[in-house]
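> Could you have a look at this structure, given as structure tokens, before my questions?
The values are calculated or read from the model by the stated rules, or taken from the named source; none is laboratory data. Note that the coordinates shown come from a computational prediction; the quantities given were computed from them, not determined experimentally. Glycine gets a Cβ as well: all are built from the backbone with ideal geometry, and neighbour counts include every protein chain shown. Areas reflect the complete protein model, heavy atoms only, side chains present, ligands, DNA and RNA absent. Shrake-Rupley method; radii C 1.70, N 1.55, O 1.52, S 1.80 Å.
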Amino acid sequence: MSLFAMGFLLVILHPSTGQFPRACANTQSLLRKECCPPWDGDGSPCGELSSRGSCQNILLSQAPLGPQFPFSGVDDREDWPSVFFNRTCKCEGNFMGFNCGECKFGFSGVNCTERRLRMRRNIFQLTTSEKDKFLAYLNLAKNTPSQDYVIATGTYTQMNNGSNPMFRNINMYDLFVWMHYYASRDTLLGGSNVWRDIDFAHEAPGFLPWHRVFLLMWEREIQKITGDENFTIPYWDWRDAEDCVVCTDEYMGGRHPTNPNLLSPASFFSSWQVICTRSEEYNSQQALCNATSEGPILRNPGNNDKSRTPRLPSSAEVEFCLSLTQYESGSMDKMANYSFRNTLEGFADPQTAISNISQSGLHNALHIYMNGSMSQVQGSANDPIFLLHHAFVDSIFERWLRRHRPMLEVYPAANAPIGHNRENYMVPFIPLYRNGEFFKPSRELGYDYEYLQEPALDSFQEFLIPYLEQARQIWAWLVGAAVIGGIVTAVLTGLILACRKKRRGTSSEIQPLLIESEDYNNISYQSNF
């Protein structure tokens, strides 16, 4: 079956996940600053009648921010999402979603009580039919309108503080492209002024958790529009690659025969139109990207600036990055030294972990190497290679989490760049997610990587892991309790022996293991805990 025909067979409209719920993109919701849509299952806001959740005030983090953004009250993304809404659904148990109508990542079933683990696989280990299905799913997403979400085409001020809503429809794939743009766009300061040193998804601690939930959301929406609950995003293991091996018509699109900056006409990705790539134009107009088509995907892999990115990353560089023990350090931005996050993101040298913004390593190296739509931050998700790349970057993050087993407190609680503290909500997601909620092993979020499987780990050990981790975090209390218990036991034992000695008087032979029948009946066993 052709990919085109498969795409048409799969066109089923289902809800999708993104930024502004359609049910809240209206004057009444914006003026009330409340986004608590009803759940279809019982018709009540947030499914409250079914105990799925309730409409509550948003609790914002009060932790201090870093010095990178010296303004306040000029950007709609500050204290997300309070400029637009200060009341949203707070879901209970394993329920999730803007109306608590879905299950948390890793759970399924009518009542979200069934655990589920999905496997992300190497794209080159997919069968031909699996690979073709993946490509068809992407094309379907590009041609399926989002039913539950819309995008903002103006700032809150341009919307006259909510009385003049400015939203528009968008297809499911471009919804995620737009969200990536919105999180990383410049701040519009009025006139022709902008502030560029701001990014809610990059250059700071939230880079890895943000992209982790971003991929999970993208994955879930493809599962819903296709009806394929087992779908996962494949990854491209680019370590030691000599060129872009996925850049063929069989996979993500080959090179155009006459124009090296375009994709081959044999790939249906060549017909895709990009959005949100003209940041300077938006800045000069003091406008947001409105998802208007801006031309075809650009890609010319390997013809990049070799002085900045001479080659694709090596296995040795990945291993060095994994050896770093600090998740974050210093200024917690792209100038951080010896930071695992900054080294993996690519602003620090992958051989020394010293910040060097004139070079692009690891994650950044791949974007620069692609030399096209992938190489511009705000619009990089237009190229579907973005998904394969970030799935592999996430797997490296996962390897670090498993190797170092950090407590949540390792993720910075304060003084990170705006939007990146542990308790900050991630821009621009509704439902709301905090950065710290995704600083945890992937298996707790319902997915794993095929190449990270541990066959020697049996089910009993797997069962014990979370409990051993909890014990590790409270080991000091356990040791203290053991010491106190030992002292109490020693004192009681001494008292018992003294009493026995006194009762037996001057008996010359003591046989503690031999007890007369009447004495045995008088013994009571008590717990002294």
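> Look at Pro165 and say whether it is crowded, with 24+ Cβ neighbours inside 10 Å, part of a loop (DSSP other than H, G, I, E, B) and at pLDDT 95 or above.
no
> Another question, if that's okay. Can you work out which of the residues in the range 133-162 that are in a loop (DSSP other than H, G, I, E, B) and open to solvent by less than 10 Å² (accessible area, probe 1.4 Å) is nearest to Arg22 (Cα to Cα)?
Once the filter is applied, the top-ranked residue is Ser146.
Every residue, every condition in (1) more than 14 Å from the chain's Cα centre (by Cα); (2) farther than 30 Å from Leu298 by Cβ; (3) at pLDDT below 95, yes or no:
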position: Ser380; (1), (2), (3): yes, no, no
position: Asp383; (1), (2), (3): yes, no, no
position: Phe397; (1), (2), (3): no, no, no
position: Leu401; (1), (2), (3): no, yes, no
position: Pro406; (1), (2), (3): yes, yes, no
position: Ala413; (1), (2), (3): yes, yes, no
position: Val427; (1), (2), (3): no, no, no
position: Arg434; (1), (2), (3): no, yes, no
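> A follow-up question, please. If the Cβ limit is 9 Å and pairs must be 6+ apart or interchain, which residue in the range 175-194 that is under 16 Å from Gly154 (Cβ atoms) pairs with which residue that is assigned to a helix (DSSP H, G or I) and among the hydrophobic types (A, V, I, L, M, F, W, C)?
Trp178/Ala381; Tyr181/Val377; Tyr181/Ala381
> Mind listing just one residue for me: the one in the range 208-242 that is within 29 Å of Asn300 (Cβ to Cβ), in contact with a helix residue (DSSP H, G or I) (Cβ under 9 Å, 6 or more places away or on another chain) and in a loop (DSSP other than H, G, I, E, B) and, of those, most open to solvent (accessible area, probe 1.4 Å)?
Asp240
> While we're looking at this one, here's another question. Name the single residue that is surrounded by the most Cβ atoms within 10 Å (Cβ to Cβ) among those in the range 269-285 being closer than 17 Å to Arg255 by Cα and small (Gly, Ala, Ser).
For the range 269-285, the residue satisfying everything is Ser270.
> Spot the failing condition for Asn171; the list is (1) polar (S, T, N, Q); (2) surrounded by 24 or more Cβ atoms within 10 Å (Cβ to Cβ); (3) touching a Lys or Arg at 6+ places or on another chain (Cβ under 7 Å), and only one is missed.
Going through the list (1) polar (S, T, N, Q); (2) surrounded by 24 or more Cβ atoms within 10 Å (Cβ to Cβ); (3) touching a Lys or Arg at 6+ places or on another chain (Cβ under 7 Å), Asn171 breaks only (2).
> Can you find even one residue in the range 199-207 that is among the acidic types (Asp, Glu), in contact with a Ser or Thr (Cβ under 7 Å, 6 or more places away or on another chain) and open to solvent by 10 Å² or more (accessible area, probe 1.4 Å)?
Yes, there is a match, as at least one residue in the range 199-207 is among the acidic types (Asp, Glu), in contact with a Ser or Thr (Cβ under 7 Å, 6 or more places away or on another chain) and open to solvent by 10 Å² or more (accessible area, probe 1.4 Å).
> Sticking with this one: So, in the range 38-61, of the ones that are in contact with a strand residue (DSSP E or B) (Cβ under 8 Å, 6 or more places away or on another chain) and open to solvent by 60 Å² or more (accessible area, probe 1.4 Å), which residue ends up farthest from Pro81 (Cα to Cα)?
Restricting to residues being in contact with a strand residue (DSSP E or B) (Cβ under 8 Å, 6 or more places away or on another chain) and open to solvent by 60 Å² or more (accessible area, probe 1.4 Å), the top hit is Glu48.
> For the list (1) in contact (Cβ under 8 Å) with a residue 60 or more places away in the chain; (2) surrounded by 18 or more Cβ atoms within 10 Å (Cβ to Cβ); (3) within 26 Å of Leu140 (Cβ to Cβ), I need the number of the one condition that Phe84 fails.
Of the numbered conditions (1) in contact (Cβ under 8 Å) with a residue 60 or more places away in the chain; (2) surrounded by 18 or more Cβ atoms within 10 Å (Cβ to Cβ); (3) within 26 Å of Leu140 (Cβ to Cβ), the odd one out for Phe84 is (3).
> Note down all Cβ pairs under 7 Å where the first residue falls in the range 103-127 and is within 25 Å of Trp236 (Cβ to Cβ) and open to solvent by less than 80 Å² (accessible area, probe 1.4 Å), the second is among the hydrophobic types (A, V, I, L, M, F, W, C) and in a loop (DSSP other than H, G, I, E, B), and they're at least six residues apart or on different chains.
Taking only residues 6 or more apart or on different chains, the pairs are Arg120/Ile233; Ile123/Trp236; Ile123/Val246.
> While we're here: Taking Val194 as meeting all but one of (1) outside any loop (DSSP other than H, G, I, E, B); (2) crowded, with 20+ Cβ neighbours inside 10 Å, write down the number of the exception.
(2)
> Here's something else I'd like to know. Of Thr258, Thr292, Thr232, Thr226, which residue is touching a Lys or Arg at 6+ places or on another chain (Cβ under 8 Å), over 30 Å from Asp349 (Cα atoms) and polar (S, T, N, Q)?
Thr232
> Give the range 332-361 a look and list any residue that's more than 22 Å from Ser307 (Cα to Cα) and either more than 22 Å from the chain's Cα centre (by Cα) or open to solvent by 50 Å² or more (accessible area, probe 1.4 Å) (or both), or say none.
Across the range 332-361, the qualifying residue is only Tyr338.
> I would also like to ask the following. Any residue in the range 174-182 that is open to solvent by 20 Å² or more (accessible area, probe 1.4 Å) and on the phi < 0 side of the Ramachandran plot?
Looking for residues that are open to solvent by 20 Å² or more (accessible area, probe 1.4 Å) and on the phi < 0 side of the Ramachandran plot, one finds none in the range 174-182, hence no.
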